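Below: the structure, in C-alpha cells.
Every read-out reported here was derived from the displayed coordinates using simple, explicitly stated rules and does not represent laboratory data. Nothing here was measured: the structure is a model prediction, and the numbers come from that model. Here the Cβ positions follow ideal geometry from the backbone for every residue, glycine too, while neighbour counts run over all protein chains shown.
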Amino acid sequence: MRFAGSLAIIMATVISSPVIAQGKIDPATIAVPDVSLPKDRAAADDLIANGWKYHFFHKDRVSFETARADVAFCHGYLPKVQLLALPGYSSFQGVARKTKSSGNQSIGLVGAAIADVIGGAINDMLDRRDRVSRMRRCMETRGYTRYPMAKKLWESFDGRDPTRDVAILAKLASGPRPDLPVPAK
C-alpha cells in the first residue's frame with residue numbers, strides 16, 4: 001500500500017505540467033528568435049510553402065500573460081516527451097520472431113533494421129502532424145493567426161523544456177504582428 005501511495009505522488013508530479021505552475025515572468029527577459037522572412041528568395045519560398053507544417057501563432061492586442069496561459073493550455077495537449085524511457089532489448093530470436101512476413105519467410109535482421117528506419121521516419125512525420133493539428137485546433141479557436149516559421153527553429157520547441165517553449169511562443173504571440181504571409185488553410 002505504501003508503494004501505491006508513493007507511485008501516485010510520483011505520477012501526479014510527472015503528469016502535472018510545470019508550465020502552468022510557474023509564476024510571473026517578465027517578457028523583457030525573454031529573447032525571441034528571428035522569425036522574419038529570409039532575404040534569400042529560395043529560403044523565403046520554402047518558408048512560405050512549409051508554413052502549414054512549421055509555424056507559430058500571433059494575436060493582435062493580447063497581453064503576454066494571456067498568450068502564455070493560452071499557449072500553456074494548448075501545450076498541455078501535445079504528446080509528451082519520454083525522458084525516462086529505457087532503451088529496449090530484443091534478442092536475435094526475438095527480432096526474427098517479430099519480423100515474420102506473411103508466410104514462413106522472415107525478413108531477417110537487415111530487413112528489420114530497414115523497417116525500423118522507415119518506421120521511425122513515418123512515426124516522426126505522424127508525431128509532427130499530431131503536434132501541428134493539436135496546436136492549430138487549440139490556438140486558432142482562441143483567435144490566434146498562424147505564421148510560418150523556419151523548420152529548424154520550429155523543431156527547437158521539442159517539449160524538453162516546456163517553460164522555455166511556452167514563454168518564447170507566448171512572446172511571439174503577444175508581440176508585434178509579424179511581417180509574414182499567413183499560410184493557406
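Computed quantities for the displayed model
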{"item": "Simple spin-label estimate for Ala28 and Ile48 in nanometres, 7 Å along Cα-Cβ", "result": "3.7"}
{"item": "Over 23 Å between alpha carbons, listed pairs Lys39/Lys151; Lys24/Lys152; Lys24/Lys171", "result": "Lys24/Lys152"}
{"item": "Cα-derived Rg over Rh, computed across the stretch 33-79 with Rh taken as Kirkwood radius", "result": "1.08"}
